[in-house]
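Quick note: the coordinates plus some simple rules give every number you see, no bench work behind them. Here the structure is a predicted model, which means the values were calculated and not measured. Don't worry about glycine lacking a Cβ; one is built from the backbone with ideal geometry, like all the others, and counts go over all protein chains shown.
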Amino acid sequence: MRIISGSFKGRRFQLPNNLKARPTTDFAKESLFNILQNITEIEDCTALDLFAGTGSIGLEFISRGAKQVTCVEQYTPHVSFIRSVAEKLKVDNLLLVKGDVYQYINKCGRQFDIVFADAPYADPRLSEIPSLVFQAGLLKSGAWLVVEHSHHNDFSEEPHFKELRKY
């Protein structure tokens, strides 16, 4: 896993063999952050990384100057990996939450500038994520929700839908 830009640019971390998730590809991550940087301020933002997996997206936010990043992940080896990378980088603005994403959404009580959700494509509740995030009030005014998904999901009819990108 590699951080592609910001204060930790070029830092690489070897993934343990026991991880189920793989980090977002550098190409997709760079494209995502280029889009985000053109539509909003990443520096000093607050970000929520749902289904954090390896922590690649959350750590990229930190590297690019996000004020606070919350990563939510249920799988213990993933949480341990994210924690170890955060410790190696000596970051103190990453809040790591081990738990069920759907329960977290309902109980969070905070708002964010950017919410990124990368649920497993086989997650039967993936299609509920946009409505749950909006119902829970997780987005500040002018905030962005990014949902990574397979071609089997169509969010174009969601009331807050803006754009679809394929990578």
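Mean separation of Cα pairs under 8 Å and 6+ residues apart, divided by the residue count of segment 38-97: what relative contact order is that in percent?
Taking the mean separation of contacting Cα pairs over the length of segment 38-97, I get 35 percent.
Stretch residue 35-residue 92 to full length: gain in nm at 0.36 nm per residue minus the Cα-Cα span?
17.9 nm
How much length would be gained if the chain were fully extended between residue 106 and residue 75, taking 0.36 nm per residue of separation minus their Cα-Cα distance, in nm to one decimal? List each step's numbers first, then the result.
Numbers: separation 31, 0.36 × 31 = 11.16 nm, distance 1.91 nm.
Gain in length upon complete extension: 9.3 nm.
Would you list 70, 46 from fewest to most Cβ contacts within 10 Å?
46, 70
For segment 30-130, which chymotrypsin sites (Phe, Trp or Tyr not before Pro) are in a loop by DSSP, counting at most 12 other Cβ atoms within 10 Å?
121
Could you list, in their original order, any pairs among 20/140; 90/140; 29/67; 29/88; 9/107 whose Cα atoms are separated by more than 24 Å?
Values: 20/140 32 Å; 90/140 28 Å; 29/67 19 Å; 29/88 21 Å; 9/107 34 Å.
Listed pairs above 24 Å: 20/140; 90/140; 9/107.
With angles folded into 0 to 90 degrees, how steeply does helix 76-89 sit against the dominant principal axis of the chain? Use alpha carbons for both and round to 10.
Value to nearest ten degrees: 60.
Taking neighbour Cβ counts within 10 Å as the exposure measure, how do 131, 80, 63 sort from fewest upward?
So the ranking, lowest neighbour count to highest, is 131, 80, 63.
Under a point-charge model restricted to the Cβ atoms of Lys and Arg (+1) and Asp and Glu (-1), what is the dipole moment magnitude of segment 1-68 relative to its Cα centre, in debye to the nearest 20?
Dipole size: approximately 360 debye.
With +1 on the Cβ of every Lys and Arg and -1 on the Cβ of every Asp and Glu, and nothing else charged, how large is the dipole of the chain about its Cα centre, in debye rounded to the nearest 20?
620 debye
What is the Rg over Rh value, at two decimals, for the chain, using alpha-carbon atoms and the Kirkwood definition of Rh?
Here Rg/Rh amounts to 0.92.
Filter the GluC sites (Glu not before Pro) in segment 18-55 down to the DSSP loop ones having no more than 13 other Cβ atoms within 10 Å, then list what survives.
Those that pass, being in a loop and sparsely packed, are 41, 43.
Counting other beta carbons within 10 Å of each Cβ, put 35, 57 in order, fewest first. Let's see the in-between values first.
Working: 35 14, 57 28.
Lowest to highest Cβ neighbour count: 35, 57.
Which one, 122, 76, 27, is farthest towards the positive end of the dipole of segment 1-123 when Lys and Arg carry +1 and Asp and Glu -1 on their Cβ?
Farthest towards the positive pole: 76.
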